[in-house]
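The values are calculated or read from the model by the stated rules, or taken from the named source; none is laboratory data. Keep in mind the model is a prediction, meaning the values are calculated, not measured. Cβ placement follows ideal geometry from the backbone for every residue including glycine, while neighbour counts extend to all protein chains displayed. Just so you know, the surface numbers come from the protein's heavy atoms only, side chains and all, with ligands and any DNA or RNA stripped out. Shrake-Rupley method; radii C 1.70, N 1.55, O 1.52, S 1.80 Å.
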Amino acid sequence: MTSPTTTPLATGVAMLGLGAMGSSLAARLLDAGHQVTVWNRSAGRDADLVDRGAQPGATVADTVTAHPLIVACLLRHPSVHETLDPVVDRLRDKTLVNLTTTTPNEARELAAWAAVHGIDYLDGAILAVPAMIGSPGAQVFYSGSRTAFDQYREVLDAWATSIFDGSDAGRASLIDFALLSGMYHMFAGFLHGAAMVGSEGMTAKDFAARATPFISAMTGGFAGFAQVVDGGDYTVAGQQSLDFSDLSYIVRASDEQGVNPATLAAVQALITRQIAAGHGSEGFSRIYESFRAAEVTVGGGLRAPHRSP
């Protein structure tokens, strides 16, 4: 005699925010059999989801009251407070998963706000575009309440590969932004190169065909850079030295082609700073120290150099 199989109980989810990403998240929950109540600031965005079985929330208060799990995927950090502050008394003893794009400190502020009001808070950073939600390639990083992560793991896993990055609510956002920084620098480098060859008539398509295998191969060097950085010894043999990494001739070539060299000039400035400090014979990865010790202008003022532990 075989034991009867059991089907996990559907979880009720209150979904706040139905932009492209919020709608994709809600749709995936419906596909996975969860009960979903949806709300959006602009009326009419819920029609397709309601047709698929979602319950429309007439107000924010009605929506957050419907289920113990509230998911916010709104425009920016202020919109989370604008949406939830008026109904905060209804959130006590509930769980808030915030998937709104926030800086690490904004996530920490929301976690502190949630704690004051008796809300279990989990911050999430989505490393995917809306069309990827529910696919193996999508990832969402979470930090904050481990209890919330474990309790609602089935819901979270319906969207993407779920990764818990610790109790510091700002850590998921920090990792997400760091990855996006690498991506945008890479894209900017590609577009700068395309502009250089484009000045002589090569199409961006032809340049992409040349660049893709080369850049893909170069990413294999990340592990080596990481080993040097983590070890803290930039004199390790086998590295390209900073003296040899002079990019001024590429900057000059860009100027000669009438192409703005701003992105490359920024890298050259990091190299120059380390050479001026007497590290020219050390490896290129030493520019990591220029990032760590950078004086950053914030809000018109100069912030003291930041050094990681």
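Probing with 1.4 Å while keeping every protein chain in the model, the per residue accessible area of segment 177-218 equals 70 Å².
What helices does the chain hold that run 30 Å or longer along their axis, going by alpha-carbon atoms, with a Kyte-Doolittle average of 0.5 or more, using DSSP H for the helix calls?
On the way: long enough: 171-198 (40 Å, 1.00).
Span-like helices, by this rule, are 171-198.
On a per residue basis, the convex hull of the C-alpha atoms belonging to the chain measures out at 224 Å³.
Please identify which residues in segment 131-174 have an amide N closer than 20 Å to a label point set 7 Å out from the Cα of Arg45, following the Cα→Cβ vector. Of the residues in segment 131-174, 131-134, 159 have backbone N under 20 Å from the label point off Arg45.
Let me make sure I get this right: for segment 9-57, a, b and c are the square roots of the gyration tensor eigenvalues over alpha carbons, sorted descending. Under 1.5 in a/c it's rounded, otherwise prolate if a/b > b/c, else oblate. Which is it?
On the way: a/c = 1.72, a/b = 1.64, b/c = 1.05.
Prolate, since a/c reaches 1.5 and a/b exceeds b/c.
Ranked from the most accessible area to the least, with a 1.4 Å probe and all protein chains present, what is the order of Val88, Val71? All intermediate terms of the calculation are to be shown ahead of the outcome.
On the way: Val88 25, Val71 0 Å².
Accessible-area ranking of Val88, Val71, largest first: Val88, Val71.
Computed FRET efficiency, Cβ-Cβ of Val116 and Ala61, R0 25 Å: what is it to the nearest 0.05? Given R0 = 25 Å and the Cβ-Cβ separation, E is 0.80. Taking label points 7 Å from Cα along the Cα-to-Cβ direction, Ser79 and Val229 give a separation of 3.1 nm.
What number comes out for accessible area per residue over segment 107-152 if the probe is 1.4 Å? Units Å², please. Display every interim value, and only then the final one.
On the way: 1820 Å² over 46 residues.
Computed with neighbouring chains in place, this is 40 Å² per residue.
Taking 7 Å steps out from each Cα toward its Cβ at Arg52 and Met202 produces label points 4.3 nm apart.
For segment 64-98 versus segment 193-228, the spacing of their alpha-carbon centroids is 43 Å.
Within the accessible area of segment 1-143, the carbon and sulfur atoms contribute 54%, probe 1.4 Å, all protein chains present. Taking 0.36 nm per residue of separation and subtracting the current Cα-Cα distance, fully stretching the chain between Asp255 and Arg146 would add 34.0 nm. What the phi angles of segment 41-54 give under the Karplus curve with 6.51, -1.76 and 1.60, with θ = phi - 60°, is a coupling list of 4, 8, 5, x, 6, 9, 4, 5, 5, 5, 4, 8, x, 6 Hz, glycine and proline written as x.
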